[in-house]
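Read through the structure below, which is laid out as structure tokens, and then see the notes.
The values are calculated or read from the model by the stated rules, or taken from the named source; none is laboratory data. This is a predicted model, so every value here is computed, not measured. Virtual Cβ from ideal backbone geometry, glycine too; neighbours counted across all protein chains shown. Areas reflect the complete protein model, heavy atoms only, side chains present, ligands, DNA and RNA absent. Shrake-Rupley method; radii C 1.70, N 1.55, O 1.52, S 1.80 Å.
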Amino acid sequence: QVQLVESGGGLVQAGGSLRLSCAASGRTFSNYAMGWFRQAPGKEREFVAAISWRSGGSTYYADSVKGRFAISRDNAKKTVYLQMNSLKPEDTAVYYCAAGGIATTGIGSYDYWGQGTQVTVSS
């Protein structure tokens, strides 16, 4: 089992920045690829970013956040981060981190999920 706890969400004005953190506990964190997903009210959960199991490993982004968001991980701290810059109102959602076998955009590929953290971007 892997337990994931997100933090760092909040209210920010458009153009601002936030950094989300996801702390893991349980089984070996470094064995897992990590992903960030988000879900806005009335919408399906969607892929945001993913990173392979190694620190500094391959990263993947949704087109909507490419160039604005950056995913990273610190295996020694068992933490994955999502740096979000140039935030837009359409980025408003609950953000979830997830752990799985491979870094992929597919929700079904992730085995463990956090409880989510709310990000609200005001215009």
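Structure data summary
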quantity: Table column - 3J(HN,Hα) (Hz), region 107-123, Karplus curve with 6.51, -1.76, 1.60, x for Gly and Pro; calculated: 4, x, 7, 9, 9, 10, 9, x, 8, x, 9, 7, 10, 10, 10, 8, 8
quantity: Charge dipole of the chain about the Cα centre (unit charges at C-beta), most positive-ward option of Ser7, Tyr110, Asn31; calculated: Asn31
quantity: Summed side-chain charge close to Pro41 - residues other than Pro41 whose Cβ falls under 15 Å, Lys, Arg +1, Asp, Glu -1; calculated: -1
quantity: Table column - 3J(HN,Hα) (Hz), region 71-84, Karplus curve with 6.51, -1.76, 1.60, x for Gly and Pro; calculated: 9, 8, 8, 10, 5, 5, 9, 6, 9, 10, 10, 9, 7, 10
quantity: Accessible carbon and sulfur surface of the chain relative to its total accessible area, %, 1.4 Å; calculated: 47
quantity: Around Thr28: net Lys/Arg minus Asp/Glu count, Cβ-Cβ under 15 Å; calculated: +3
quantity: The chain, Cα convex hull volume normalised per residue, Å³; calculated: 89
quantity: Amide proton proximity set for Ile102, modelled H, under 5 Å, gap of 5+; calculated: Ala33
quantity: Solvent-accessible area per residue, Å², over region 58-123 with all protein chains present [probe radius 1.4 Å]; calculated: 47
quantity: Net charge, Gln118 excluded, C-beta distance under 11 Å - Lys, Arg +1, Asp, Glu -1; calculated: 0
